1. I'd like the full set of residues that are part of a loop (DSSP other than H, G, I, E, B) and either surrounded by 15 or more Cβ atoms within 10 Å (Cβ to Cβ) or in contact with a strand residue (DSSP E or B) (Cβ under 9 Å, 6 or more places away or on another chain) (or both), limited to the stretch 101-112.
2. Of the conditions (1) under 14 Å from Ala89 (Cα atoms); (2) modelled with pLDDT of 95 or more, Cys22 fails just one. Which one is it?
3. Name the single residue that is nearest to Gly33 (Cα to Cα) among those in the stretch 46-95 being acidic (Asp, Glu) and exposed (fewer than 13 other Cβ atoms within 10 Å of the Cβ).
4. What are the residues in the stretch 13-40 that are open to solvent by 30 Å² or more (accessible area, probe 1.4 Å) and not in a strand (DSSP E or B), if any?
5. Only one of Arg43, Arg98 is in contact with a Gly (Cβ under 9 Å, 6 or more places away or on another chain) and open to solvent by 60 Å² or more (accessible area, probe 1.4 Å); which?
6. Given (1) in contact (Cβ under 8 Å) with a residue 24 or more places away in the chain; (2) surrounded by 12 or more Cβ atoms within 10 Å (Cβ to Cβ); (3) of a type outside the set (Phe, Trp, Tyr), where does Ser115 come up short, assuming only one miss?
Amino acid sequence: QVQLVESGGGLVQAGGSLRLSCTASGTIFGIMGWYRQAPGKQRELVATITSSLRTNHADSVKGRFAISRDNAKNTVFLQMNSLKPEDTAVYYCNAQARFATDNYWGQGTQVTVSS
C-alpha cells in the first residue's frame, strides 16, 4: 500500500521560512514533487525532483524555494524562504511510481503566510 505522509506546514509571517517534508512508502518512486492549491485556484506545480536529483522549480518560487530529496529514506523536502502572502495554499506532495504510470498524492499540508 502506497502512503505519502507530509509534515511541516504552519503559519508564518511574510519573509519567514518553513520546511515541508514528505515520506513515501510502498513502491519505488521516480519523480517526486510539490504542488499547491490556493482557495479558488487550480492546483499548480511548485517543484519536482527526479531520482537522479534533477530539479525543476516554478518561476514564481525560483530563488526562494528549494526542493531536495533523500533517496535512502524516500523523503522529499521543500525549503521555503522569503515567504510571501501569495504563497498561502495547501501544499501537496506528489510521487510517481518509477516503473509504472501510477501517480500518488499526500493529504496536503496548510501553509499560511501573514502580511
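The values are calculated or read from the model by the stated rules, or taken from the named source; none is laboratory data. This structure is a prediction, so every number in the text was calculated from the model and none was measured. So basically every Cβ, Gly included, is an ideal-geometry build from the backbone, and we count neighbours across all protein chains shown. The protein model used for the area step is the full one, side chains on, heavy atoms only, and it has no ligands, DNA or RNA in it. Shrake-Rupley method; radii C 1.70, N 1.55, O 1.52, S 1.80 Å.
1. Those that are part of a loop (DSSP other than H, G, I, E, B) and either surrounded by 15 or more Cβ atoms within 10 Å (Cβ to Cβ) or in contact with a strand residue (DSSP E or B) (Cβ under 9 Å, 6 or more places away or on another chain) (or both): Asp102, Gly106, Gln107, Gly108.
2. Failed condition: (1).
3. Asp70
4. Ala14, Gly15, Ser17, Gly26, Thr27, Ile28, Pro39, Gly40
5. The match here is Arg98.
6. Ser115 satisfies every listed condition except (2).
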